[in-house]
1. What's log10 of I(q)/I(0) for chain A at q = 0.09, 0.14, 0.17, 0.18 Å⁻¹, Debye sum over Cα points only, no solvent?
2. Taking amide H atoms as placed 1.01 Å from N in the peptide plane, list the residues 5 or more away in sequence, or in a different chain, whose amide H sits under 5 Å from that of B:Gln48.
3. What does the convex hull of the alpha-carbon atoms of the range B:7-163 project to on average, in nm²?
4. Give the aspartates and glutamates reachable from B:Lys36 as a straight Cα distance under 16 Å; neighbours fewer than 8 places away on the same chain don't count.
5. For chain B, set up a Gaussian network in which alpha carbons nearer than 10 Å are linked by springs, and say which option among B:Pro124, B:Pro111, B:Pro26 fluctuates the most.
6. Please work out, to two decimal places, the log10 of the ratio I(q)/I(0) at q = 0.15 Å⁻¹ from a Debye calculation in which every Cα of the range B:99-168 carries one identical scatterer.
7. Which of the lysines could be linked to A:Lys3 by a straight reach, that is with a Cα gap under 17 Å, when you skip same-chain ones fewer than 8 residues away?
8. Tally the DSSP beta bridges in the protein assembly as shown and give the antiparallel ones as a percent, rounded to 5.
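FYI, it's all coordinate maths here, none of it is from the lab. Note that the structure is predicted; figures quoted are calculated from it, not measured. Every residue, glycine among them, receives a Cβ derived from its backbone with ideal geometry; neighbour counts consider all protein chains shown.
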Amino acid sequence: MMKRDECLKVLARHRSNEIVVAVWKAAHEWIHISPSDLNYTFVGAMGQGASHALGLAVGRPDKRVIVLDGDGSLLMNLGCLVTIANAAPRNLVHCLCENGVYETNGSVAVPGAGRVSFTGLAREAGYAKVYEFSLLEDWDRALDRILKEDGPIFVDLKVEMGEDYPEDFRRLYSIQHREAFRRALKNA
Amino acid sequence: MDQTLKADEIVREVKRAGIRIVVALPDRMTSEHLLKPILRNPDFRVLQVCKEDEGISICSGLYCADQRALLLIQYTGLLDSMNSLSRIAVEGQNPVCMMVGLLGKEPGVPPAQSKRYGLRIVVPILDVMGIEHHLIESSQDVSKIAPAVERAYANSMPVALLIGREPA
C-alpha cells in the first residue's frame with residue numbers, strides 16, 4: 001500500500017507537459033504537489049473525472065491526458081470504462097487511486113471494497129493496457145514507459161491516506177482557473 | 001406552415017454551427033433519421049456514451065480543448081442528468097449544447113401541455129435552471145439551431161434544443 005501523496009509526488013517527478021485531471025482528495029493534493037495551468041480540477045460532479053478527461057483527450061490528441069480518479073467516483077460512473085475503451089483515445093492514462101473508502105464523505109467503505117477488481121473491469125471493458133501498483137518503487141520504475149505507451153491505459157494505484165492537505169473546493173471549481181487552463185492548453 | 005421536420009436540414013444546421021463531434025446515446029425518436037445518418041457521415045465523429053451525464057462532462061472537456069460538440073439524447077436522459085447539468089454545465093459555465101428528443105410528445109402541443117408527466121416537466125425544469133431552450137418541431141424552427149449554439153459558446157452556458165417530432 002502506498003501513501004497517496006507519495007504516489008502523486010512520484011507522478012509529479014515524471015510529469016512533463018501532460019494534462020492532469022484530478023478529483024476530490026487527489027485534486028486537493030495534486031494542485032500543491034504539481035502546480036500547473038494544465039491541471040484540470042473543474043469536474044463539478046462526483047464520478048465525472050474520467051469523462052471530462054475523455055473529452056480533453058479526444059479534443060487534443062496531441063497531448064497526453066492523465067486522470068487521477070477515485071474508486072468511489074469510478075463506481076458512480078462505471079459505464080465510462082466502456083465509453084473510453086470504445087472511443088479508444090491513445091493519449092489517455094486513467095489512474096485510479098483505490099483506497100476502498102469515500103474519504104471525503106467520512107471514510108465509509110465503498111461497496112465491494114477489497115473484492116472488486118477494477119483492473120478486471122477495465123481489462124474486460126477493452127482498455128489497451130492495464131496495470132496495478134502497490135509499491136512506490138514499482139510505480140516509479142514503470143511510469144516513464146506508461147507515459148509513452150498507446151492507450152487507453154488503466155492504472156490501479158493501491159493507496160491509503162498520506163499527509164493532510166488543505167481542502168479548497170472553490171479553487172477546484174474556479175471559473176478563473178478553468179479559463180487559465182483553456183488559455184494554457186491553447187498555447188501548449 | 002410546413003409541419004415536417006427534415007433530418008438533413010438539422011444536420012446541415014448543426015454543421016453550420018461548427019459542430020463536428022456528436023456525443024450520443026440513442027433515442028428512439030431521433031436514432032433512425034438523425035443519429036444513424038450522422039454515424040455514417042464522415043464529416044462527424046460520434047462518441048457513444050453509456051449514460052447521458054457522461055456526455056455533459058465529455059462536451060465540457062471538449063470545450064476546454066476548443067472543440068464544439070452536440071449531445072444528442074432523449075429527455076429521460078436529460079432528467080437523469082440533473083446533477084451534472086446543474087453542477088457542470090450551469091455552475092461550471094460550460095456551453096453544453098443538447099439536442100433532446102421529446103419522445104411521445106403530441107404533435108402541435110407545447111411540451112408543458114403534454115399529457116405525459118415526464119414531458120410536461122422538462123421546460124419548467126429548464127426554466128428554473130436558467131437554461132435556454134428552443135422547441136424544434138418544424139422546418140421553420142431549424143434555423144434556430146446555429147444561432148442558439150453560437151450564443152451558448154459566446155456566453156459559456158448550456159442550451160437545450162428540444163426535438164418535438166420525429167425527423168423524417
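1. For the requested q values the scattering log ratios are -0.27, -0.70, -1.10, -1.26.
2. Here the answer is B:Ala24, since their amide H atoms fall under 5 Å of that of B:Gln48.
3. Convex hull of Cα atoms, orientation-averaged projection: 8.1 nm².
4. B:Asp8, B:Glu9, B:Asp27, B:Glu166
5. Ranking B:Pro124, B:Pro111, B:Pro26 by mean-square fluctuation puts B:Pro124 first.
6. Here log10 of I(q) over I(0) equals -0.48.
7. A:Lys25, A:Lys158
8. Counting only bridges with both partners in the protein assembly as shown, antiparallel ones make up about 5 percent.
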